[in-house]
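Structure, as structure tokens:
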Amino acid sequence: MAEADERRDVQLVGLGALARVNLIALGQTRIRSDEGKVFASHTQDGAVAKPDRQAASEVVTDRYNNTVSKACDAMVEKGFAYERSVGAFVDELHALGNDAAYRNDATLPSALNQFTSALRELQSHRTLLLQQAKATVAESLRQYVARDVRGVKDLAKLYHKMSDDLDAARARRAACPPSSSHLSLSLSPQPENCRLTKEGYLFKRAHNVMRTWSRRWFILRGGQLLYVNRDKEEPPQAFVEDLRICTVKAEPSESIDRTNCFEIITPSRNFILQADNGIEKERWILALQTGISDALNNNAQTSVASAQRMTVGFSWPASRVITSRHAHSQTCSCNPTLQPLESGDQARESQRRELQNDIAALPGNELCADCGRAKPSWVAINMGVCLCINCSGVHRSLGTHFSKVRSLGLDHIDAEICKVIGCLGNVRCNSVLEFVSDEVQPLKKQLAEASESDLRELVEQFILNKYIYKKFIDPTLDVDQLQEDLFVAAGEGDVATASACLLGGADINAYNDDGLTPLMLAAELDDTADLEDWIRVGLDAFQQAAMPQLPTVIEDTHAPSVSVSTTTGKLAITDLSQDLDANLGCMVLSDYEQPGRYHKWMKGFRNPPLMLTSREYAFQLTALNDRGQILLPAIRRELEQTQYIDNLTVESDFLQGRVARPDRRFLEEERSRQPSIFTVVRAIANAFHSPADAVLGLYGAFGYDLTFQFEPTKLRMTRPAHQRDIVLYIPDEVVVWDPREDLAFVYSYDFAWDGKSTQGLPRTGPKTVVQYADELERSQDHEPGQYATKVAKAKEKFKRGDLFECVLSQSFYSLLPCPPSELFRRLRKGNPAPFTFIMNLGSNEYLVGGSPEMYVRVQGDEVETCPISGTIRRGRDPVEDAKQILTLLADPKEESELTMCTDVDRNDKSRICEAGSVKVVGRRQIEMYSRLIHTVDHVKGKLREGFDALDAFLCHTWAVTVTGAPKPWAIQFVEDMEESPRGWYAGAVGALHFDGSLNTGLTLRTIQIHNGVASVRAGATLLYDSEPDKEEQETRLKASAFLDVLRVAPEDMSEALSAYQGEQRRAGAGLRVVVIDHQDSFVHTLANYLRQTGAEVMTLRTGFQPAELQALHPDMALLSPGPGCPADFNVSGEIALLMRLCIPTFGVCLGLQGMVEHFGGRLDVLQYPLHGKPTAIDVVEPRSYIFKDLPRRFTVARYHSLYARVEDVPTKNFKVTAVSEDGVVMAIEHRTLPLAAVQFHPESILTDHVHGLSMLQNVLHEFTSRGKAGFQRRKTVI
């Protein structure tokens, strides 16, 4: 038992081992303060002297007290002293300016007063900065030292205690004699030749969707890698059963956010492991490589025998069979004694190269197996076909589960794989996969003649049809016969024949009459070499099957067995969504990523065996196929034992009943346990409870009217006859998408109950037909303005205190234009969301939605929600988005909305969460969708003992963001005010998994389809500050994206937008514009804007000769901004030249200043230069062509110090068309000549892009229509 105790101690202090940087093995460990004092070091005998931790803490405290705080105080005091000196200097200057001696001087007093005024303003800013520094920095540091350092000290004590425990555990382990290994009690005796090579702790990453990490004790011995689970009494489990079929990579092939990781690669899957440090990582890699080499050497004789048998289509001289593989070509830093390749290894490497050359020389391998191009240099090792570089890229893009591509010239291909490839080859594979030559040959001819730009798309389509859809195989093939041939070939070790059977469609996971799979038959051979070859080549890729299906061995229980297969993720999503048009089922996925809240995922299914529906307190559980009929008795027994279930009726294909009304009052903390339809849901979840399965569960939709079972409400509206409150499915085959690798894992379940099993029964179900309606009864349930009237009524409720907030909604209707799967495709493309879903609910009813809001998510004992409130329209570009976000965050009404929602949400959680665990972990975070920007809070809590995920779901029913507060009054107000029942709107969609987890989203932004009519419902959160017309407009805006999905496909919208943009570009088409550059940093952006109008633009730096300008033959010139003043660049001379050449001219910033001066006006200097500042301008000339069709007031960007006053503009020549708020001229237009200019920068991000581009469009259009009229026409000699 001493060994077990020692292991337990090591595990208990494992956290300390991670938190503490342990450098004992690397040398001396020292911890130094800034003063150079050594707190811990190794003694001469290697023992570690205990550090003076109190002294270390005191040094940290003194550092903050004596250094940072004092330095900040000194900075502030010196700053104030400096400001006092500056104040005295300013006072003296002011007195000097007001001295009587200068009273008659018109210049000096004014200049001194302006100078002192500027100094005082600067002094005021600096004083404010110093005060803020004192209040925020210095005071915060003092509070930190006085209050927070104490917590750091306590944490340090805990850390040091853990470190001490770790040292003690290591000391006890070091004292154990070598013969008392802690594994000896749990490992069975091993043969003498199976010596223990290495053991120790490693972190392993799970293959579930969450990719969790767990720490396990690993043992490398006897050609296997084993590990011990947390339960110390269990024997070690096999992690890698046969080292001969794996390789080790020092760096994982995918990005891992952990250090010291390495990867073990097997034909079926890859494993990521993490060592405690770099040295342990190198030691494990070396040990694994050595173990692999030993395992291969021990199997040398059987490999030779196997190679001599495999002669179909390829000859292998026995002298060239490779019996071992070099462990690794790189030396590990922890073992400096590793030597380079020995002569024997060099010979084997040369033989391997010859084998690869022989593969390329096989008949048919001289051409690419897919496109037919010569000299293919790549090979798909699991299919045995040679490929060109283009086709290999397509194969690689489909994923390693489909095709494992290697380079014949660059990659190391093991001899065992070479043998199997030699039995296949292009000819054998294509004889199966390209059997229908009449269809294949025209396609291959098209590939041979295709241009490089078209080749990729054509090749990809051909490969999908050939390998995935198998469109070219012999349609007369008898799959049953192929299956029999596969069993025979497996039993004889005939890999070539077996591969051909698999290519034709035989199932590697099928069972024969004796209950054996092909792999089991191969394993019964005298040696395991053939089985090794099968596994190494990855035959599962022919059918995307990852493991054989497990038979059900547990009788009299409905606990399922599960098998898992894989396919390409995108294909699985497309195929499943299209299947849901005609098959019951659902798919829920996330196309939206937000760190800490949302990541991409998908779960879906078709043809489930069971469906639960309800209306009010009545329910029905329907078996949809023979598989469901086996499960009904198991659920019936559970329901018969459940309290409050009445009138239970059971037939062969359904059972139905009713939930009794409560017979007593329930405390508010118990509301989730009072009798309701969720009593049935809980009973079913209990019947199927499986802690280890995070996939199987109840999937579907929860309607809004479920809330009336918990909140007594007087119903005003009549519910339609077809309305259901719940539709939930129990699937038996679930597709789970892993977006990181674009793989879809298909989880297939089988059940057994009362001696009956679903094994072998077909996974079918009733078919549905999409219905289309001919006409609409109405287009919306509110007349225009009616919603605004109800907002006004809500404000009266707010005023009296009956409500704090509420959410009213309205519905919009449209004819269904296409199948639901097409709406789903459009929605995913145009409106990615955290909860995107398509559901076929039966009874001619579908749901297609993209909800932005999580309802409730539960993982373990953690419950979380993300209430959304606060909405604004998206901008046209990221710059405008930023402005909209600032507007949203600065709006007190929007902040109040979210605050009230979050306070109510926290109240909901407090019913069932531990005291003090409910916390807001994210406040007013921004989420952006296709047309809207929202503010979101993130709230978490920890479930109290006795409560589960269903309690968390029900305590929030329904979310405040779709009802209001106080909830009971808000729910009644919604019922009284709205014009139609909500149905599924404001309910939830998602899954209650049988492992106890929950993942649901609110049913918002959803298209409800029934009998060919699609409805979209949208609401707004109302407060006393609400403006009725704006709230009505918000509901229309929210619904617009989904109404557009019903009307126009995203690609059609893109074409319309392109056409509009093309129309806009015509203003500059065919024109040549020269931009005169005054050494400015924005000139090329201006040129880019001009090019967007369709004009040809040339940029000419100032200082040019007139002939250079004339040679360009411009239709218009643009005088760019620039530093300094117009005289620095002779802008007046440039304008004179342009007028003499009759070239219409537009000026920007410096260009405007130059025009004013050229015609006799005067410039002045701003008191405060405006560089990169936004300013609102007013258009004062209604007939201005610059600002045609633009708002009368909008914001622009200013970069200037010089300016023209309105009274200083030569009005006989120019009219002022726009001014700023401070009275500065912002735009001028010549009264007769094609000359105009603006003082601001139309190309800046502070000027709306559409506005800036429109101004240039307007100027080009005006100058083009006006031509050179107005200029004095005379012959110019230059």
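The values are calculated or read from the model by the stated rules, or taken from the named source; none is laboratory data. Since the structure is predicted, the reported quantities are computational estimates derived from the model, not experimental observations. Reconstructed Cβ throughout: ideal geometry from the backbone, glycine too, with neighbour counts over all protein chains shown.
Points worth noting:
- Yes/no for K466 being assigned to a helix (DSSP H, G or I) and more than 33 Å from the chain's Cα centre (by Cα): no
- Criterion applied to E862, E845, E796 was being surrounded by fewer than 24 Cβ atoms within 10 Å (Cβ to Cβ) and under 26 Å from E777 (Cα atoms), and the one residue passing it is E845.
- The set of residues from the range 248-267 being surrounded by 15 or more Cβ atoms within 10 Å (Cβ to Cβ) and more than 19 Å from A287 (Cβ to Cβ) comprises I256, P267.
- Taken together, the residues in the range 827-840 that are more than 19 Å from the chain's Cα centre (by Cα) and surrounded by fewer than 24 Cβ atoms within 10 Å (Cβ to Cβ) amount to 0.
Per-residue answers, yes or no, for (1) assigned by TED's automatic domain parsing to the domain that holds G505; (2) at pLDDT below 80; (3) part of a loop (DSSP other than H, G, I, E, B); (4) closer than 19 Å to M383 by Cβ:
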{"site": "I413", "(1), (2), (3), (4)": "yes, yes, yes, yes"}
{"site": "C418", "(1), (2), (3), (4)": "yes, yes, no, yes"}
{"site": "N430", "(1), (2), (3), (4)": "yes, no, no, yes"}
{"site": "P442", "(1), (2), (3), (4)": "yes, no, no, no"}
{"site": "D454", "(1), (2), (3), (4)": "yes, yes, no, no"}
{"site": "V459", "(1), (2), (3), (4)": "yes, no, no, yes"}
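- Being assigned by TED's automatic domain parsing to the domain that holds I630, touching a helix residue (DSSP H, G or I) at 6+ places or on another chain (Cβ under 7 Å) and at pLDDT below 90 holds for only one residue in S672, S690, S676, and it is S672.
- Some residue of the range 947-956 being surrounded by fewer than 20 Cβ atoms within 10 Å (Cβ to Cβ), outside any loop (DSSP other than H, G, I, E, B), in contact with a strand residue (DSSP E or B) (Cβ under 9 Å, 6 or more places away or on another chain) and of a type outside the set (A, V, I, L, M, F, W, C): no
- Any hit, the range 738-745, residues being modelled with pLDDT of 90 or more and surrounded by fewer than 19 Cβ atoms within 10 Å (Cβ to Cβ): no
- Of R876, R924, all but one fail to be part of a loop (DSSP other than H, G, I, E, B) and among the basic types (K, R); the exception is R876.
- Within the range 792-803, residues that are closer than 18 Å to D1029 by Cα sit with their Cβ atoms under 9 Å from residues that are surrounded by 15 or more Cβ atoms within 10 Å (Cβ to Cβ) and of a type in the set (S, T, N, Q), at 6+ positions apart or across chains, in these pairs: A794/S1026; K795/S1026; F798/S1026.
- Qualifying residue in the range 810-818 (condition: within 22 Å of the chain's Cα centre (by Cα) and either under 19 Å from P1028 (Cβ atoms) or touching a residue at least 40 places away in the same chain (Cβ under 8 Å) (or both)): no
- Residue that is surrounded by the fewest Cβ atoms within 10 Å (Cβ to Cβ) [pool: residues in the range 361-371 that are more than 39 Å from the chain's Cα centre (by Cα) and assigned to a loop (DSSP other than H, G, I, E, B)]: P363
- Residue ID - surrounded by the most Cβ atoms within 10 Å (Cβ to Cβ), chosen from residues in the range 674-723 that are over 32 Å from the mean Cα position of the chain (by Cα) and of a type in the set (D, E): D705
- The lone exception for G765 - which of (1) surrounded by fewer than 18 Cβ atoms within 10 Å (Cβ to Cβ); (2) in a loop (DSSP other than H, G, I, E, B) it fails: (1)
- Here V791 passes the criteria (1) crowded, with 17+ Cβ neighbours inside 10 Å; (2) at positive phi except the one numbered (2).
- Subset of the range 1201-1217 [part of a strand (DSSP E or B) and either of a type in the set (F, W, Y) or under 17 Å from A1236 (Cβ atoms) (or both)]: Y1203, F1214, K1215, V1216, T1217
- Some residue of the range 424-447 being among the acidic types (D, E) and either in contact with a helix residue (DSSP H, G or I) (Cβ under 8 Å, 6 or more places away or on another chain) or in contact (Cβ under 8 Å) with a residue 40 or more places away in the chain (or both): yes
- Residues in the range 235-278 that are hydroxyl-bearing (S, T, Y) and part of a loop (DSSP other than H, G, I, E, B) were compared, and the one that is farthest from L225 (Cα to Cα) is S255.
- Consider the range 488-519 and keep the residues that are among the acidic types (D, E), free of Cβ contacts under 8 Å to residues at least 60 places away in the same chain and in a loop (DSSP other than H, G, I, E, B). The one that is surrounded by the most Cβ atoms within 10 Å (Cβ to Cβ) is D507.
- Members of the range 593-607 found to be over 12 Å from V936 (Cβ atoms) and surrounded by fewer than 21 Cβ atoms within 10 Å (Cβ to Cβ), listed by number: E593, P595, H599, K600, W601
- Scan of the range 649-659 for residues that are in contact (Cβ under 8 Å) with a residue 24 or more places away in the chain and not aromatic (F, W, Y), ordered by number: S652, D653, L655, Q656, G657, R658, V659
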